[in-house]
Amino acid sequence: HWRYRAVNLKRSQVITFVVLASLFFWRGIWVSWNDVHGDFPNYYLAAKLYNEGHPAEYFYDDQWFDKKLTEHGFNSGRFSQFPPLTVFVMTPLVNFEAATAKNIWIIVNLVALGMIVFWLMRLFHQSFLTSGILVLASGFGLINNFRAGQLYIILLLICMGSYMLLKYNRNILTGLLLGLAAMIKYFTAIFIPFLLLQRRYKAVSAMGISIIVCMIIQILVFGYTLNASFFRNIFLNHLAAEIPSGTPYAIAYQAWTGVLHYLFVFHPDYNANPLLDLPILAHVIKYLLHGIIFVTTVVVLFKLYKSRCEHRDDKMLVVIWLAIFTLLPASATYHFVLLVFPLAFIFFQNWFSARAKLAAGCLYLMISYFPIHQIITLKPDGLWAALGYPRLYATTALFALTIHQAWYSVESLYSNSEPRYKT
């Protein structure tokens, strides 16, 4: 009987893997090959223009950069949302034609994806099928990284590599790697509280030194004025969800700021029918919500830190990771490929109950496959627009579920009783 079940499980896994892989190949590889739409032209053209001698200051003039994109045959775009060091990301590809460079970047990402699957197999002692299914199930998050030519698969690989280096106590190398990555994409800063909780002060110091050295190089290369302007006008506005394209009313960015603006802040162009026109209420609820998430995270982390429960450090990392995703001031679909790593701890370790894993799986699929663009085409406002944030609500529910499971995994240890759930 158990053999029959094992065969059925294997068959189901194979079918699931083939379906997800086919969808990924069709929507992620086939459509993206020789296609230079999305964010790739922004990275590529900035590197090409800088290599030709154009000052980097011009790249932060959206009209000038958009004109250059048009001259080179690309669609409209902008570079101004990226940190200055991002200019160098595509430098190795500037001698190739844009389509060829994009194809090379696709191959690089495929290699990185293979390494991610391999590392999941090694870290969690899983088969190729289960590891591959977890990665492929990230859906549009994975697909859009290939279509847009984004960097988040490489960032996921760096995060996983840093975690593996910590396992071998390579603290200084971990910090240097995370610091360098943080100068391109800020996300790796989430490792700072995690490293502090683990008392890996060498890693934190190395990360700080790496960031400081990179900032000095950035100032020496691009000048103080450009860096100060980027910090004031781009970085701080990004944290406040004040980005072009109508944000905080852009549903595509799926943030709590957007929900509250649609409910309580009137705008003649983006939100003519709010539920109530009370901007102060939007700000109060926003800070209250952020405060609740922050305090809850700190309390659970403190409880985990004081405990001796199994997978304690992994639980702390997952809690921090999902808290950050819940509080993101603006998120894009391709960001959510980064959920692969925390969900590996959830699905492949034993601190989530069977029912909780099922719920987490449903939320993961909702995050990965809900067609946000269909909501955007309807152009809703007011309450209807506030209902158009399913990915945000699913991410928040996943965070709450993780908090619940982490808390009770410690409680069951304190009570010296059998776990309240079967794994």
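The values are calculated or read from the model by the stated rules, or taken from the named source; none is laboratory data. Keep in mind that what you see is a predicted model, and the values were worked out from it rather than measured. Note that each Cβ is placed from the backbone with ideal geometry, even for glycine, and that neighbours are counted across all protein chains shown. All accessible areas refer to the heavy atoms of the entire protein, side chains included, with ligands and DNA or RNA removed. Shrake-Rupley method; radii C 1.70, N 1.55, O 1.52, S 1.80 Å.
Limiting things to C-alpha atoms, what are the Rg and the maximum Cα-Cα separation (Dmax) for segment 81-211, in angstroms?
Cα radius of gyration and Dmax of segment 81-211 are 16.0, 48 Å respectively.
By its C-alpha gyration tensor, with a ≥ b ≥ c as the square roots of the eigenvalues, how is segment 225-376 shaped: rounded for a/c under 1.5, else prolate for a/b larger than b/c, else oblate? Kindly include the intermediate steps, with their values, before the conclusion.
On the way: a/c = 1.88, a/b = 1.64, b/c = 1.14.
It is prolate, given that a/c is not under 1.5 and a/b is the larger ratio.
To the nearest 0.05, what FRET efficiency results for Ile280 and Leu9 with a Förster distance of 51 Å applied to their C-beta separation?
On the way: r = 55 Å, r/R0 = 1.07.
The formula returns an efficiency of 0.40 here.
222 nm [θ] for the chain, helices only, -39500 (n - 2.57) per DSSP H run of 4+, per residue, to 500?
Numbers: 20 runs with 273 residues, N = 423.
Rounded to the nearest 500, it is -20500 deg cm²/dmol.
Suppose R0 equals 60 Å; then what is the FRET efficiency for Tyr393 and Asn95 from their Cβ-Cβ distance, rounded to the nearest 0.05?
Numbers: r = 46 Å, r/R0 = 0.76.
Efficiency at R0 = 60 Å is approximately 0.85.
For the chain, what is Rg from Cα atoms divided by 2.2 N^0.38 Å, rounded to two decimals? Don't skip to the answer; put the middle values down first.
Numbers: Rg = 22.2 Å, N = 423, 2.2 N^0.38 = 21.9 Å.
Normalised Cα radius of gyration, the chain: 1.01.
Any chance you could check the Cα centroid distance between segment 277-309 and segment 69-125 for me, in angstrom?
Using only Cα atoms to place each centre, the spacing works out to 35 Å.
Tell me which lysines have Cα within less than 19 Å of Lys303's Cα, excluding those fewer than 8 residues away on the same chain?
Lys315
Could you report the accessible area of Lys167 in Å², rounded to 10, computed with a 1.4 Å probe on the protein chains as they sit in the structure?
120 Å²
Once the Cα atoms of helix 279-306 and of the chain are each reduced to a long axis, what angle between those two axes, in degrees from 0 to 90 to the nearest 10, is obtained?
On a 0 to 90 degree scale, this one is about 50.
Leaving out ligands and nucleic acids, note down the accessible area per residue over the chain with a 1.4 angstrom probe, in whole Å².
On the way: 20580 Å² over 423 residues.
Value returned for the chain: 49 Å² of accessible area per residue.
Can you give me the distance in nm between label points at Tyr58 and Ala400, each placed 7 Å from the Cα along the Cα-to-Cβ direction?
5.2 nm
Could you pull the accessible area for Leu166 with a 1.4 Å probe, rounded to 10 Å²?
Surface open to solvent at Leu166 totals about 10 Å².
Pick from Leu338, Leu398, Leu173 the residue whose mean-square fluctuation is largest in a GNM of the chain, springs joining Cα atoms under 10 Å.
Most flexible of the set in this elastic network: Leu173.
At a probe size of 1.4 Å, how large is the accessible area of Arg170, to the nearest 10 Å²?
Solvent-accessible area, nearest 10 Å²: 130 Å².
Once you've got the Cα coordinates, tell me which of Lys357/Lys379; Lys167/Lys357; Lys202/Lys357; Lys167/Lys286; Lys67/Lys185; Lys68/Lys286 are over 29 Å apart. Show your work: numbers first, answer last.
Numbers: Lys357/Lys379 35 Å; Lys167/Lys357 25 Å; Lys202/Lys357 35 Å; Lys167/Lys286 37 Å; Lys67/Lys185 26 Å; Lys68/Lys286 39 Å.
Exceeds cut-off: Lys357/Lys379; Lys202/Lys357; Lys167/Lys286; Lys68/Lys286.
Which value in nm describes the separation of the simple spin-label points at His37 and Ile209, placed 7 Å from the Cα toward the beta carbon?
For the pair His37/Ile209, the computed spacing is 4.7 nm.
Taking all protein chains as present, what is the carbon and sulfur share of the accessible area of the chain, in % to the nearest whole number, probe 1.4 Å? Please list the in-between numbers first.
On the way: 13500 of 20580 Å².
Of the solvent-accessible surface of the chain, carbon and sulfur hold 66 percent.
Given labels modelled 7 Å from the Cα in the Cβ direction, how far is it in nm from Tyr287 to Glu71?
Rounded to a tenth, the inter-label distance reads 4.7 nm.
Can you run the Rg to Rh ratio on segment 101-159? Use alpha carbon positions and the Kirkwood inverse-distance Rh. Write out the running numbers ahead of the final one.
Numbers: Rg = 11.4 Å, Rh = 11.7 Å.
A ratio of 0.98.
Just for the Cα atoms in segment 23-64, what are the lengths along the principal axes, largest first, rounded to whole Å?
41, 19, 11
For the chain, with only Lys/Arg (+1) and Asp/Glu (-1) charged at the beta-carbon, what is the dipole magnitude about the Cα centre, in debye rounded to 20? Walk me through the numbers on the way to the answer.
On the way: 31 positive and 18 negative charges, 383 e Å.
Around 1840 debye, computed over the chain.
To test your reading of the geometry: what angle, between 0 and 90 degrees and rounded to tens, separates the Cα axis of helix 390-414 from the longest principal axis of the chain?
Taking Cα atoms only, the helix is inclined about 40 degrees.
Does anyone have the angle between helix 354-369 and the longest principal axis of the chain? Alpha-carbon axes, 0 to 90°, nearest 10?
Computed tilt is about 20 degrees.
What is the gain in length, in nm to one decimal, between Ala354 and Arg199 on full extension, counting 0.36 nm per residue of separation less the C-alpha to C-alpha distance? The partial results should precede the final answer.
Details: separation 155, 0.36 × 155 = 55.80 nm, distance 3.24 nm.
Contour length minus Cα-Cα distance gives 52.6 nm.
Could you work out which residue, out of Ile15, Ile251, Ile346, moves most in a Gaussian network model of the chain, that is, has the largest mean-square fluctuation with Cα springs under 10 Å?
It is Ile15.
Can you pull the Rg over Rh of segment 220-312, Cα-only, Kirkwood?
Values: Rg = 18.7 Å, Rh = 16.2 Å.
Radius of gyration relative to Kirkwood radius: 1.15.
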